[in-house]
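The values are calculated or read from the model by the stated rules, or taken from the named source; none is laboratory data. Not measured: the values here are computed from a predicted model. All Cβ positions, even for glycine, are placed from backbone atoms using ideal geometry, and neighbour counts span all protein chains on display.
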Amino acid sequence: MRIRVENLWVTFKNKVALRGVCLDLFGDGAQVVALIGPSGAGKSTLLKLLKGMVRPSVGKVWVGSFPLHEGGGEGLQQVRKRTGMIYQTFQLIGRLTVLENVLIGRLPHLNLTQGLLRQFSEQDLAQAERLLEEVGLLEHAWQRADALSGGQQQRVGIARALIQEPALILADEPISALDPKNAQVIMDLLLGMVCRQGIPLLVTLHHLEMVRHYANRVVAFKDGQVFFDGPVSALTSEKEKDLYFGEEEASQTLGGLPSALTA
Ligand code: ADP
Ligand code: MG
């Protein structure tokens, strides 16, 4: 699913999170795009925006053929339904079972009554079991989610995203809470699954060796702007140093805002 972003600004009260961002992702055959940059650069804001959880203040954003900037309605529900999200802190419901947590990913596909009564179909159940088997957790299906280790919880997070039959997966620092070994296991698992199914993945990462190993393309953000966008091979160590240790290029004040935002 192609993503196009034109002159995107996102502001929160008096803070600018994204300033004039232009991007065109997944139209070029790259399947795994890494999103990097210092803390506060706007990475999570971009992911939330693509999931339809944050509105653009200025600019245009298309997810597939749907114009997110036009907001609302059935189209927005479709985007949310077809976009899987994986979180740093897993975001499972601890008191529910592993199986129930996976099925939660299916809720947007149910109608209101089915959703309220948690009436999942036989196919949904069978698919949840298949996915749990694929992530190596079938024997834990009836265990409470909060009894699992971090690495196991993220496997549930992956299964919950995939049961949505997503056209796009957004992963916000999916391995930041894991030890190095689990981090690699989770990345191998996630990448294996998205590649087999041909699902585009936009993933925030902090370890550049991971970026080099797994991604086709890198987009780096700094101070709410695109600082680098290109193939992994073009991300030199000089650029990298500049990204994390260089001068701040713009302060996160309202300076330089388009007039539409200050009016
Ligand atoms: P990153 O994920 O790159 O660390 P974020 O997208 O979380 O960055 O944040 C970008 C900027 O926007 C930061 O300055 C942050 O404080 C601000 N920000 C993000 N979300 C909100 C919010 N809900 N309210 C106010 N400011 C926010
Ligand atoms: Mg973040």
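I'd like the full set of residues that are of a type in the set (Val, Ile, Thr) and free of Cβ contacts under 8 Å to residues at least 40 places away in the same chain, limited to region 176-198.
Result: VAL185, ILE186.
Restricting GLN164, GLN153 to those that are over 20 Å from THR83 (Cβ atoms), away from ligand 2 (no atom under 16 Å from the Cβ), of a type in the set (S, T, N, Q) and under 19 Å from the mean Cα position of the chain (by Cα) reduces the list to GLN153. For region 34-57, indicate whether the set of residues that are touching a residue at least 40 places away in the same chain (Cβ under 8 Å), β-branched (Val, Ile, Thr), away from ligand 2 (no atom under 16 Å from the Cβ) and buried (at least 16 other Cβ atoms within 10 Å of the Cβ) is non-empty. No: region 34-57 contains no residue that is touching a residue at least 40 places away in the same chain (Cβ under 8 Å), β-branched (Val, Ile, Thr), away from ligand 2 (no atom under 16 Å from the Cβ) and buried (at least 16 other Cβ atoms within 10 Å of the Cβ). The set of residues in region 63-118 that are on the phi > 0 side of the Ramachandran plot and either crowded, with 16+ Cβ neighbours inside 10 Å or at pLDDT 90 or above (or both) comprises GLY64, PHE90, GLN91. The residues of region 1-13 that are within 9 Å of ligand 1 (Cβ to nearest atom) and either in contact (Cβ under 8 Å) with a residue 24 or more places away in the chain or not in a loop (DSSP other than H, G, I, E, B) (or both), listed by number, are VAL10, THR11, PHE12. Residues of region 8-22 that are away from ligand 2 (no atom under 16 Å from the Cβ) and either hydrophobic (A, V, I, L, M, F, W, C) or surrounded by 14 or more Cβ atoms within 10 Å (Cβ to Cβ) (or both): LEU8, TRP9, THR11, ARG19, GLY20, CYS22.
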